[in-house]
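Report on the following structure.
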Amino acid sequence: MSVWPFRTIIEPFRIKAVEPIPFLAQSERRTAIEAAGWNVFGLSADTVTIDLLTDSGTGAMSAAQWSALMQGDESYAGSRSFHRFEAAVRELTGYEFIFPVHQGRAAERIIARTLLGPGKVVLNNTHFDTTRANVEQSGSLALDLPVPEAANATSHARFKGDMDLAALETALDHHGDNVAMVFITMTNNAVGGQPVSMANVAGVSRLCRARNVPFFIDAARFAENAWFVQRDEPGWHDVPIKAIVRRAFDLADGCTMSAKKDGIVHIGGVLATRSAAQAERFRNELILGEGYPSYGGLAGRDLEAVAVGLMESMDEDYLRYRVRSTAYFAEGLEQAGIPVVQPPGGHAVYMDAGRLLSHLALDALPGASLAAAFYLYGGVRGVEVGTLMFPGARLELVRLAVPRRTYTQAHVDYVIEVAGHIAARAKDLPGMRIVRQPPFLRHFTATLEPTGHFPD
Ligand code: F0G
């Protein structure tokens, strides 16, 4: 770990290529959000000043990654770039059978179509929504087993991403041979990007190995998780990030990974396993949907960028900056008068719209109202994670995700200033009504309208 004697955490990079961002007048943004049916997914990105919709595929690649692109070997089979990709993933995970896929949900889909099916059960600390959708699409049951603290937005407890081990043991006993696999999603996106402790991964591993149940890691944010372990889990403070990452993978039997997060690439993913029998089935399914197993829906150049990005994301100066800057963002929002889910995770800040807009009932969609307000007043795009996304949701949140290496502290300070402007008007923000909605995954395409006027 390098020595940094000052309090200010600076971006651990300087900027070599820049991309202009648009600035619109509030009247122009009002026109744009009206045209989008008051749903931020409907906005053209050209009308968004600071885009915090997701941290997925939105990071800035390094000079090393851009130059690796030129090394891409576009051979259909057995390309040099595949061997580089495979070597990087094997160094990270130790797994024998490694497949590239075009993104995380492709790996999930391959698993769903080979290992799952009607009557089977999948246990997870909390399924990400694409994982759940793929499990359910196969006819299997997707059960979430988060620890109880995950439901408490104000508790500063560490490792709120953990799985409830007692509940896991009960579920394994209850569902017996029907349990097709167990997943740990690290970090646990759906409960606020909360990390998972190594003790918990070890506990899950023990229970699964005793019963011969395959245990996989959804490793989209493996490096951020390792940083929290090193910082907060007793016994891990002096262990290098790379060794922590490897230990987590050692405890499992395979992984899925969206490389669009901690792989810091615009597209890419991984499916890996120790089992030759699983690998055989994965390979055949992959050929049907993704392409040949040595490119998996990606160009050779993409494989090169993943190989470099996976290593860069474990850089400790980068991780310190990454996690500290998300915490800085959360502190600023709270000081501006916006309650946020505690403690802040690695990749995003989750604002508690239910508490901020307590004058609105849940069916008045306070989260959608707050998301619209961030766009209308500041050109900032976040995403509602509440009643609109998950009807019956327990918490009414808006997520501001932080793309990797993309925005500077000045951008974050600007969003915090916008938040203060909104907090001062919170009591006057109108509710939202659904005008039109599709039968499933309605948050992407529903159109809304405010039930009152957004104040100036
Ligand atoms: N698993 C987790 C934990 C994720 O956060 C995501 C994507 C996926 C799997 C699916 O990966 O998008 O590459 O197919 N999360 C993004 C987000 C979309 O905004 O949180 P993908």
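Per-peptide packing, taken as the mean over residues of other Cβ atoms within 10 Å, places 179-189, 14-24, 304-314, 147-157 in the sequence 179-189, 304-314, 147-157, 14-24 from highest down.
Contact order for the stretch 11-81, expressed relative to its length and based on alpha carbon pairs under 8 Å spaced 6+ residues apart, stands at 23 percent. The 3J(HN,Hα) values that the Karplus relation (6.51, -1.76, 1.60; θ = phi - 60°) gives for the stretch 174-185 are, in residue order, 5, 8, x, 5, 6, 6, 7, 6, 10, 10, 10, 9 Hz. Gly and Pro appear as x. Based on the alpha-carbon gyration tensor of the stretch 63-312 and its eigenvalue square roots a ≥ b ≥ c, which shape applies: rounded if a/c is under 1.5, prolate if not and a/b is larger than b/c, or oblate? Oblate, since a/c reaches 1.5 and b/c is not below a/b. Using θ = phi - 60° in the Karplus curve 6.51 cos²θ - 1.76 cosθ + 1.60, the 3J(HN,Hα) couplings for the stretch 331-344 round to 4, x, 5, 5, 5, 7, x, 10, x, 10, 5, 10, x, x Hz; x is entered for Gly and Pro. With helices as the sole contributors, the chain gives -12000 deg cm²/dmol at 222 nm; each DSSP H run of n ≥ 4 counts as -39500 (n - 2.57), and the sum is divided by every residue.
Taken about its Cα centre, the chain carries a charge dipole of roughly 200 debye when the Cβ of each Lys and Arg holds +1 and the Cβ of each Asp and Glu holds -1.
Calculated translational diffusion coefficient of the stretch 126-240 (25 °C, 0.890 mPa s; Stokes-Einstein with Kirkwood radius over alpha-carbon pairs) equals 168 µm²/s.
Structural size metrics of the stretch 405-456, computed from C-alpha coordinates, are Rg and Dmax of 15.6, 41 Å.
Take each peptide in 373-382, 447-456, count the other Cβ atoms within 10 Å of every residue, and average; sorted highest first, the result is 373-382, 447-456. Sorting the Cα pairs of the chain by distance into bins of 20 Å, from 0 upward, gives 25, 57, 17, 0 percent per bin. Spatial offset of the stretch 241-272 relative to the stretch 21-72 amounts to 26 Å, using the alpha carbon center of each.
Based on C-alpha pairs under 8 angstrom that are at least 6 apart in sequence, the chain has a relative contact order of 23 percent. How would the stretch 244-321 be classified by its alpha-carbon gyration tensor: rounded, prolate or oblate, with rounded meaning a/c under 1.5 and the a/b versus b/c comparison settling the rest? Oblate, because a/c is 1.5 or more while a/b does not exceed b/c. The relative contact order of the stretch 63-312 comes to 31 percent, based on Cα pairs under 8 Å that sit 6 or more residues apart. By the Cα gyration tensor, the stretch 298-456 has an equivalent ellipsoid whose semi-axes, rounded to whole angstrom, run 30, 20, 13 from largest to smallest. Shape of the stretch 1-151 from its Cα gyration tensor (a ≥ b ≥ c, root eigenvalues): rounded if a/c is under 1.5, otherwise prolate when a/b > b/c, or oblate? Oblate, because a/c is 1.5 or more while a/b does not exceed b/c.
For the stretch 40-111, the spherically averaged projection of the C-alpha convex hull amounts to 7.6 nm².
Read the figures in this text as sums done on the coordinates, not as results from a lab. Keep in mind that what you see is a predicted model, and the values were worked out from it rather than measured. Cβ atoms come from the backbone with ideal geometry, glycine included; neighbour counts cover every protein chain shown.
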